[in-house]
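The values are calculated or read from the model by the stated rules, or taken from the named source; none is laboratory data. Everything quoted here is computed from the prediction, not taken from an experiment. Quick reminder, even Gly has a Cβ in these numbers, built from the backbone with ideal geometry, and neighbours come from all protein chains shown. Note: accessible area is taken over every heavy atom of the protein model, side chains too, but ligands, DNA and RNA are not part of it. Shrake-Rupley method; radii C 1.70, N 1.55, O 1.52, S 1.80 Å.
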Amino acid sequence: MAIVLAFIALGELASIWSRARVPSLLVAMLGIFIVAQLGLIPSTVVDDSLLPTVYTILVGPILFHMGSLIPLPTLLQQWRSVIIALSGMLFAVLLLAVAIIPLFSFAHFVAGAGPLAGGIVATGLTTDGLISAGISSTILVLPALVLMMQSLPSMPMTNFLLRRFAIHLRESGKLEELAAKAHALKEAAVRGEAKKKPITVPSFLEENELFTLFMVLIGGALATLISNPTHIPSSIVALLLGIGSTAIGLTPERALEKASSFGFAMAAVVAVVMAPLVTADMSDVIAALLPMVAILIIGGTGIMLGGFLATKLLRWEPTLGMSVALTAMYGFPADYLLTNEVARSVGVDETERQQLLDAMLPPMLVGGFTAVSAGSVVIVSVLVSFL
């Protein structure tokens, strides 16, 4: 376990040092793949760590936790961002289906669409589904490769689009007006979150880490029980239970973090995604490179096209809308860091930088949470069910 966690930690350090310009997963997965190819670690290192077993136990609670990341008042206030993010994801999936299935196969399409439309949890679900379906090792490495590489084209493109939007705001004289509106929406969302919820858990239980962990585990188990008779994927049920439970006050927001268990749970997800890379031959990775490039180009184009069309219908600025849509390819914290970087470089003083943040950060964060937390889980759950 220490070996696997060492590569994950190395990736996190690289991401911190580079201010998220170097994706942590790229460093972790590429590092363990190279070391495995050199024969310095056994091909069974991930299985021996028992982290895949931890994933099997915690996948339901993890998805319940993902639902607890989405405050309903914030989503309702930023409904345009939600629509744009979902539109980008759906267009990407449709475009990938039209192009990738004829060019390669349906399994290639599923392997690429899930990770492209979301983050590490969606990739874990995709990899688990491919393994359960007995898909070949050449395709098994594809989700990890797409996840590793998708932020490399999307983050510079987002930086370019956001910068154009910020400059347009400043030069058009709309900055103060839009920032004031965004700030008012933010305050309204905070007031909505602060309203008393139907259920009030006693503070001594709400602040107890073990009790919170117990509630999250119950949520994951309940999702499995509901999914069996209803035939609704347990991942979708767990996500919905997490959203509902948080909305009524039964469990806190960011539940696994409150239980001090999120880091270990995510390490298990990363291990599941890593596993095919550790056991794969170099020939498998080389064979997956062409599908990966095609998926990134076609899927990225679909995300931007879907974001552009939804933005035009909602009468937003296309540069902001396409940036919101692109958050599906990297999520948090990259969306936060990119927005701050653009505001810092474009704003001429502290007041203007804060106005740019007020205008750009809320839709970017909501777009990222919508895509990575909720939208991708639903898309992956549906696609994997057809394997």
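Some observations on this one:
- Accessible area expressed per residue, segment 59-210, with surrounding protein chains retained (probe 1.4 Å, Å²): 45
- Residue-level accessible surface for residue 25, protein heavy atoms, 1.4 Å, Å²: 40
- Take the Cα of residue 199, step 7 Å toward its Cβ, do the same at residue 281, and the gap between the two points is 5.3 nm.
- When nucleic acids and ligands are ignored and a 1.4 Å probe is applied, residue 382 ends up with an accessible area of around 60 Å².
- Take the Cα of residue 16, step 7 Å toward its Cβ, do the same at residue 57, and the gap between the two points is 2.7 nm.
- Highest average packing first - 357-366, 227-236, 296-305, Cβ atoms within 10 Å: 357-366, 296-305, 227-236
- 18 Å reach of a label modelled at residue 37, 7 Å along Cα-to-Cβ, counting backbone N of segment 132-148: 137-148
- Annotation: the chain has a Kirkwood hydrodynamic radius of 21.3 angstrom, from the mean reciprocal C-alpha pair distance.
- Span-like helix check, the chain: qualifying full DSSP H segments, with Cα axial length of 30 Å or more and mean Kyte-Doolittle of 1.6 or more, are 79-103, 282-314.
- Gain on full stretching of the segment that runs from residue 176 to residue 385 - 0.36 nm per residue minus C-alpha separation: 70.5 nm
- Measuring r between the beta carbons of residue 226 and residue 72 and using R0 = 22 Å, the FRET efficiency lands at 0.60.
- Projection of the Cα convex hull of segment 182-325, averaged over all directions and equal to a quarter of that hull's surface, yields 13.5 nm².
- Mean residue ellipticity at 222 nm, helices only, the chain: -25500 deg cm²/dmol; runs of at least 4 DSSP H residues each add -39,500 (n - 2.57), and the sum is divided by the number of residues.
- Rounded percent of accessible protein surface that carbon and sulfur make up, the chain, 1.4 Å probe: 68
- Using a simple spin-label model with pseudo-atoms 7 Å out from Cα toward Cβ, residue 136 and residue 254 lie 4.4 nm apart.
- Residue order for 157, 215, 29 - accessible surface, 1.4 angstrom probe, largest first: 157, 215, 29
- For segment 247-354, the solvent-accessible area works out to 40 Å² per residue, with a probe of 1.4 Å and every protein chain left in place.
- Binning the C-alpha pair distances of segment 208-286 at 5 Å intervals from 0 yields a P(r) profile of 3, 14, 17, 18, 16, 11, 8, 6, 4, 1, 0 %, listed from the shortest bin outward.
- Heavy-atom accessible area with a 1.4 Å probe sorts 79, 17, largest first, into 17, 79.
- Solvent-accessible area of residue 270, all protein chains in place: 10 Å² (probe radius 1.4 Å, heavy atoms, ligands and nucleic acids excluded).
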